[in-house]
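Visitor: Okay, handing you the structure first.
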């Protein structure tokens with residue numbers, strides 16, 4: 001069985017994660033789109049921390065008999081992988097869009113300079 | 001002379017966009033029709049321009065909210081007094097613009113939303129799941145915004161300069177309508193609703209697929225929660 005202290009610590013940590021994520025969204029430092037996966041992480045970890053019987057059962061399925069809280073670590077790690085993978089796809093898209101923007105600005109500036117010669121600098 | 005701009009977001013709507021532009025200009029040829037092309041892969045921008053619209057071409061797909069906000073920024077920067085917003089797929093009937101524009105031009109409302117449910121006897125009966133979703137969001141926004149709203153998922157709206165200036169700055173980038181309604185209420189805009197009918201899509205496919213609807217629901221719920229925790233500047237001073 002999971003030690004009660006481990007359950008309490010897990011629950012507190014998950015709650016802090018959830019509160020921090022909501023506060024970041026409220027302060028517009030995090031968009032909803034990128035907050036959802038973090039919130040899911042916090043909620044799943046909170047449920048597994050509080051629902052001790054469930055954690056034991058899942059540990060049993062996975063053959064983790066000696067120390068059920070290890071499942072908490074495994075789940076947390078899985079979610080971190082998911083978040084990182086998600087970010088990799090986001091960064092890839094941003095890279096493409098950034099190049100596209102730079103190209104369009106170059107083309108626009110060239111067209112503008114043809115229509116109206118730029119003032120001399122300095 | 002009140003200058004009115006129609007903002008029409010469009011993504012791969014080549015089959016419908018020409019008719020949409022024609023209808024708006026038939027309603028009132030003095031309206032500037034701005035089609036915001038969200039990086040369509042078909043002929044949407046060419047068709048829109050051929051029918052007399054000003055076309056803003058986004059370099060890549062930014063989503064419906066980002067596309068519509070491009071139009072609000074155009075309206076703000078070009079000094080328009082009133083903006084209407086219609087979908088590019090033809091589901092909004094431009095001949096009903098009178099109902100939306102009336103209260104704005106008369107100075108009785110800052111924002112008028114075309115609702116399918118003001119009149120309970122209205123003809124629109126969406127599928128059960130969608131009807132429930134629309135109702136739940138309407139209840140939530142009414143509760144959090146302090147004013148009864150019947151249709152928060154409608155993209156058919158008219159607004160004055162205060163609305164344009166608010167949405168040019170504050171507009172969600174994806175699935176924007178529900179949250180934008182709440183932001184408008186919390187910013188102190190005077191909101192009115194007008195009963196409208198909406199048509200079936202004329203071409204193209206809805207951007208809300210079954211797979212995306214879960215993300216849609218969770219994202220909007222979070223956005224509403226957070227929007228009701230935020231402070232918004234009250235806009236009384238911006239009104240004329």
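The values are calculated or read from the model by the stated rules, or taken from the named source; none is laboratory data. Predicted model only: the values in this text are computed from it and were never measured. Don't worry about glycine lacking a Cβ; one is built from the backbone with ideal geometry, like all the others, and counts go over all protein chains shown.
Visitor: Going by what's in this entry, would residue A:102 be described as in contact (Cβ under 8 Å) with a residue 12 or more places away in the chain, more than 23 Å from residue B:219 (Cα to Cα) and either out of contact with any helix residue (DSSP H, G or I) (no Cβ under 6 Å at 6 or more places or on another chain) or away from chain B (no Cβ under 11 Å) (or both)?
Guide: Working: in contact (Cβ under 8 Å) with a residue 12 or more places away in the chain: no; more than 23 Å from residue B:219 (Cα to Cα): yes; either out of contact with any helix residue (DSSP H, G or I) (no Cβ under 6 Å at 6 or more places or on another chain) or away from chain B (no Cβ under 11 Å) (or both): yes.
No.
Visitor: Residues in segment A:21-32: is at least one surrounded by fewer than 16 Cβ atoms within 10 Å (Cβ to Cβ), part of a helix (DSSP H, G or I) and either away from chain B (no Cβ under 12 Å) or touching a residue at least 24 places away in the same chain (Cβ under 8 Å) (or both)? Break it down stepwise before answering.
Guide: Step one: list which residues in segment A:21-32 are surrounded by fewer than 16 Cβ atoms within 10 Å (Cβ to Cβ), which gives A:23, A:27-29, A:31.
Restricting the remaining residues to those that are part of a helix (DSSP H, G or I) gives A:23.
Adding the requirement that they be either away from chain B (no Cβ under 12 Å) or touching a residue at least 24 places away in the same chain (Cβ under 8 Å) (or both) leaves none.
No, because not a single residue in segment A:21-32 is surrounded by fewer than 16 Cβ atoms within 10 Å (Cβ to Cβ), part of a helix (DSSP H, G or I) and either away from chain B (no Cβ under 12 Å) or touching a residue at least 24 places away in the same chain (Cβ under 8 Å) (or both).
Visitor: Which one of these does residue A:70 not meet: (1) under 19 Å from residue A:13 (Cα atoms); (2) within 14 Å of chain B (Cβ to nearest Cβ)?
Guide: (2)
Visitor: Within segment B:63-91, restricting attention to residues that are within 14 Å of chain A (Cβ to nearest Cβ) and surrounded by fewer than 20 Cβ atoms within 10 Å (Cβ to Cβ), which residue is farthest from the chain's Cα centre (by Cα)?
Guide: Restricting to residues being within 14 Å of chain A (Cβ to nearest Cβ) and surrounded by fewer than 20 Cβ atoms within 10 Å (Cβ to Cβ), the top hit is B:63.
Visitor: Residue check: is residue B:165 under 21 Å from residue B:93 (Cα atoms) and away from chain A (no Cβ under 14 Å)? Break it down into steps so the answer makes sense when it comes.
Guide: Numbers: under 21 Å from residue B:93 (Cα atoms): no; away from chain A (no Cβ under 14 Å): yes.
No; evaluated as a whole, the condition is false for this residue.
Visitor: Could I ask something else about it? When residues of segment A:2-18 are filtered for being farther than 17 Å from residue B:218 by Cα and either loosely packed, with under 14 Cβ neighbours inside 10 Å or within 13 Å of another protein chain (Cβ to nearest Cβ) (or both), how many remain? Spell out the reasoning first.
Guide: From segment A:2-18, those farther than 17 Å from residue B:218 by Cα are A:2-17; that's our starting set.
Now drop any that are not either loosely packed, with under 14 Cβ neighbours inside 10 Å or within 13 Å of another protein chain (Cβ to nearest Cβ) (or both), which leaves A:3-5, A:8, A:12, A:16.
The total comes to 6.
Visitor: Right, another one. Name the residue, out of B:8, B:21, B:36, B:55, that is crowded, with 18+ Cβ neighbours inside 10 Å, touching a residue at least 60 places away in the same chain (Cβ under 8 Å), touching a strand residue (DSSP E or B) at 6+ places or on another chain (Cβ under 9 Å) and at negative phi. Break it down into steps so the answer makes sense when it comes.
Guide: On the way: B:21 fails: touching a residue at least 60 places away in the same chain (Cβ under 8 Å); B:36 fails: touching a residue at least 60 places away in the same chain (Cβ under 8 Å); B:55 fails: touching a residue at least 60 places away in the same chain (Cβ under 8 Å).
It is B:8.
Visitor: Every residue in segment B:193-238 that is at pLDDT 70 or above, buried (at least 19 other Cβ atoms within 10 Å of the Cβ) and either more than 14 Å from every other protein chain (Cβ to nearest Cβ) or assigned to a loop (DSSP other than H, G, I, E, B) (or both), please.
Guide: Correct list: B:193, B:194, B:196, B:198.
Visitor: Report yes if some residue within segment A:86-94 is at pLDDT 90 or above, within 11 Å of chain B (Cβ to nearest Cβ) and surrounded by 13 or more Cβ atoms within 10 Å (Cβ to Cβ); otherwise report no. It would help to see each step written out before you state the result.
Guide: Of all residues in segment A:86-94, those at pLDDT 90 or above come to A:86-94.
Narrowing further to those that are within 11 Å of chain B (Cβ to nearest Cβ): A:93-94.
Keeping just the survivors that are surrounded by 13 or more Cβ atoms within 10 Å (Cβ to Cβ) gives none.
No, the conditions are met nowhere in segment A:86-94.
Visitor: Applying the selection to segment B:168-192, what residues are part of a helix (DSSP H, G or I), within 16 Å of residue B:224 (Cα to Cα) and more than 14 Å from chain A (Cβ to nearest Cβ)?
Guide: B:177, B:181, B:184, B:185
Visitor: Criterion first (buried (at least 22 other Cβ atoms within 10 Å of the Cβ) and under 28 Å from residue A:100 (Cβ atoms)) does residue B:44 satisfy it?
Guide: Details: buried (at least 22 other Cβ atoms within 10 Å of the Cβ): yes; under 28 Å from residue A:100 (Cβ atoms): yes.
It is true that residue B:44 is buried (at least 22 other Cβ atoms within 10 Å of the Cβ) and under 28 Å from residue A:100 (Cβ atoms).
Visitor: Going by what's in this entry, would residue A:59 be described as over 30 Å from residue A:91 (Cβ atoms), in contact with a helix residue (DSSP H, G or I) (Cβ under 6 Å, 6 or more places away or on another chain) and either within 14 Å of chain B (Cβ to nearest Cβ) or part of a helix (DSSP H, G or I) (or both)?
Guide: yes
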